[in-house]
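Questions regarding the structure given below will be posed in turn.
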Amino acid sequence: MKTPFRLLLFCLLLAPFSAQAMSVVPIEPEEQVASADATVVAELVVSQVRFRDNSIQTRFVFRTVEALRGDFPAYFEVYAPGGIYQGEARADSRLPTLNPEATYLIFLEINQGQLGFQNGPAGIRSIEVVNLANLRAACAELVDTEVDLAPYATDPISVSYSVTDSGLLDGSGFRRFTTPDRGEPIPVYADTSTLPSGVSEAQALTALANALAAWEANSTLLFEFIGTDVFTQSAEDYGSSDGLVIRVQFHDNFNRISDASSTLGIGGAGFFIDSGNGGTVAGSPFNPISHGYVVLNHPKTKLQNIVSLEEVLTHEIGHVIGLAHSSETQGESDSELKEAIMFYLSHSDGRGASLNTYDVTTVLKAYPLNTPPYGFDRVLYAITTPVIGTLTNPEVNQIQIIGSDLQGNPLTLQQDSATTPYGTFSVASPIVTYTPGGYYGDSNVNNPSSYFDRFEGRLSDGTNLSPFIKIRVVGFRADNQPIGAPDGVPNSWMSTYFGSSSGSTANADADGDGFDNLEEFLLGTDPTDVSSAFRVTQSSESSITWPTQQYDLYTVESSLDLATWDTIQIVSEETSDGSLSITDLPSPSSGNSIFYRVNRIQ
């Protein structure tokens, strides 16, 4: 039986969610009460996620226990950016982790007609760690008119809530970037159109590079700085529609941080509620992050110090990649938590982009040195016959799940789920066989997310799991020739090129190009035209191009001796029939040959 794919070979001879995040200047409660619009001791009743003002926000409902400054109703509501809404999550540094029925000291601000926490999580303190007597005295010394909080009154409701002590941001599961698992960096853009006073663009970008490098050096994270750009809105307002990127905005010209706030910066990420599709690390499933952002409060004098700027950037990037605060207790007694870059208050002690043991241990929970494997979704047009099991070439209904692992670990495929209205799937890793449950006429689906049947599975390296890999059966092709022993070439394809469903056979080679009809059918080429073939159509010292058909998967490999082959890239054709190209091919040493080949994966 012939192999299910052909190789193209040629040679070149070359000469040479519930997000907790932000960097905040330490401030005593007696000082903070003067800058806040209102201060209250209140019990949390409920938190709910809303889509409000074109963004995802979390609404907190509190019961007033003691109004220290401000005229408070019995119950009032506070909004913070971030949360989970209709399957999409948005992590944000101003979204605190609070427990229902717990009582807090809360410093509030009114910003754009909405009541919010001053300094995000730093505007909320456990009632057990403050001296209320001193705070009452500080409030009594203020002579300004109390703010009327009646416009923010609401009715109480109840709900359950959960928290985690893993060090990773939680809220419908952990989240992480997956591109580094494939050895691909996360693109980073910076808006330096406005900078902290006295900071040059070169200094700002060096601080950013050092912050990114600190996380790269202690995990498998990869970043690539693409360049500077002038963002037309706040970095946090960009969604995932323009691709997976991190935007770092060195200013807050769009007023996302209150002028009265002592917050130095905010950071967060958008992610999808799709547990496991961000990979599974040591048994913990992750959601995939879709984009990230950092916004700096540029008027703050602390950011004029380059080393402090570097510390703040490192902290906020930590939130972007999925880390929570190490602690939100100002008088934290655990030195490891207090000295972490992820402590909620800035240290301003000259550390710059420096991680401690806590930071490194935590980031490795999401980006371990043994990265999860990765794979590629596949699509199948199934061949159906009058009698199940009569195909002489059953490989036409088989799909090979191809994937890789950066550490070179052997991989096995596990099946997680499958639909079976029209047929059944069976697995002999890495091959998945689909057996149609009947003899169906030619049909197909055009919606990229639609299917007749679907298989979901994951690749395992023995420790971690890849994101889900899907096989979609998107069409059926009827075949009843030869009678009694169909050969896997559809009747319609035979009729198109040979006039009838019995006009030729699977192993015939009408145009003499070395590809028989079955191979020409699988490759999408014309069996009657010798010039229509699966071959490299263009090549240079740095690129190759070859013809493709929609949904096919190809591997590009290189060799110096035609004996040992290394995979350069795995690419899929997701659009219509056409061609694919790859560039930046590896070069051999001076005077040596290098060979490339392209494989179509069945």
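Nothing in this text is a laboratory measurement; each read-out follows from the coordinates by a stated rule. The model shown is predicted, which means the values in this text are computed figures rather than measured ones. Cβ coordinates were reconstructed from backbone atoms using ideal geometry, including for glycine residues, and neighbour counts include every protein chain displayed.
I need the phi-derived Karplus couplings for the range 290-302: 6.51 cos²θ - 1.76 cosθ + 1.60, θ = phi - 60°, integer Hz, Gly and Pro marked x.
Residue by residue, the range 290-302 yields 9, 5, x, 8, 9, 10, 9, 8, 4, x, 5, 5, 4 Hz.
Residues in the range 62-77 near a label at Ala140, defined as backbone nitrogen under 18 Å from the 7 Å Cα→Cβ point?
The answer is 66-70, whose backbone nitrogens lie closer than 18 Å to the label point.
Return a single number: how many Lys pairs in the chain, at a sequence separation of 8 or more or on separate chains, have alpha-carbon atoms below 28 angstrom apart.
Taking the Cα cut-off of 28 Å, the pair count is 5.
Label the range 174-366 by shape, choosing from rounded, prolate and oblate, from the square roots a ≥ b ≥ c of the eigenvalues of the Cα gyration tensor; if a/c is under 1.5 it is rounded, and otherwise prolate applies when a/b is larger than b/c, oblate when it is not.
oblate
Using the C-alpha gyration tensor of the range 251-300, what are the square roots of 5 times its eigenvalues, in whole angstrom, with the largest one first?
33, 10, 8
Of the beta bridges DSSP finds with both residues in the chain, what % are antiparallel, to the nearest 5?
About 80 percent, rounded to the nearest 5.
From a point 7 Å beyond the Cα of Gln48 in the direction of its Cβ, which residues of the range 94-117 have a backbone N at a distance under 20 Å?
Backbone N within reach: 95-102, 114-117.
Sticking with this structure for a sec: Work out how much length Tyr439 to Thr301 would gain on full extension: take 0.36 nm times their residue separation and subtract the Cα-Cα distance, in nm to one decimal.
Here the segment from Tyr439 to Thr301 would lengthen by 42.3 nm.
Using the C-alpha atoms of the range 374-488, what convex hull volume per residue, in cubic angstrom, is computed?
92 Å³
Please work out how much length the chain gains when fully extended from Ser126 to Ala153, using 0.36 nm per residue of separation minus the C-alpha to C-alpha distance, in nm with one decimal.
7.4 nm
For the range 76-129, state which GluC sites (Glu not before Pro) are in a DSSP loop and have at most 13 other beta carbons lying within 10 Å of their beta carbon.
Qualifying residues, ordered by number: Glu101.
Something else about it: If we count every other residue with Cβ under 9 angstrom of Arg454's Cβ, Lys/Arg +1 and Asp/Glu -1, where does the sum land?
For residues surrounding Arg454, the net value is 0.
Let's test this: bin the Cα-Cα distances of the range 115-157 at 10 Å from zero up to the farthest pair and state each bin's percent.
With a bin width of 10 Å, the distribution comes to 19, 37, 42, 3.
Sorted from fewest to most neighbouring beta carbons within 10 Å, what does the list His251, His315, His291 look like?
In increasing order of surrounding Cβ atoms, one gets His251, His291, His315.
Loop-only check: which GluC sites (Glu not before Pro) in the range 463-551 are DSSP coil with at most 16 other Cβ within 10 angstrom?
Glu541
From the Cα trace of the chain, what convex hull volume per residue do you get, rounded to a whole Å³?
Taking the convex hull of the Cα positions in the chain, it is 175 Å³ per residue.
If you bin every alpha carbon distance in the range 25-152 into 10 Å steps from zero, what whole percent lands in each bin?
Reading upward from the zero bin: 13, 46, 32, 8, 1.
Continuing with this model, one more query. Stretched out fully, how many nm does the piece from Thr419 to Leu369 gain, at 0.36 nm a residue minus the Cα gap?
14.5 nm
By its C-alpha gyration tensor, with a ≥ b ≥ c as the square roots of the eigenvalues, how is the range 456-602 shaped: rounded for a/c under 1.5, else prolate for a/b larger than b/c, else oblate?
oblate
Here's a follow-up. I need the calculated FRET efficiency for the pair Ser502 and Ser539, taking r as the beta carbon distance and R₀ as 56 Å, to the nearest 0.05.
0.90
Neighbour counts of other C-beta atoms within 10 Å: give me Ile582, Ile544 arranged from fewest to most.
Ile582, Ile544
Fewest to most neighbouring Cβ within 10 Å: what's the order for Leu309, Leu105?
Leu105, Leu309
Using helices alone, I'd like the mean residue ellipticity at 222 nm for the chain: each DSSP H run of four-plus residues gives -39500 (n - 2.57), total over residue count, nearest 500.
-3500 deg cm²/dmol
In whole angstrom, note down how far apart the Cα centers of the range 80-141 and the range 362-415 are.
Here the answer is 47 Å between Cα centres.
Evaluate Rg over Rh across the range 535-601, taking Cα atoms for both radii and Kirkwood's formula for Rh.
0.99
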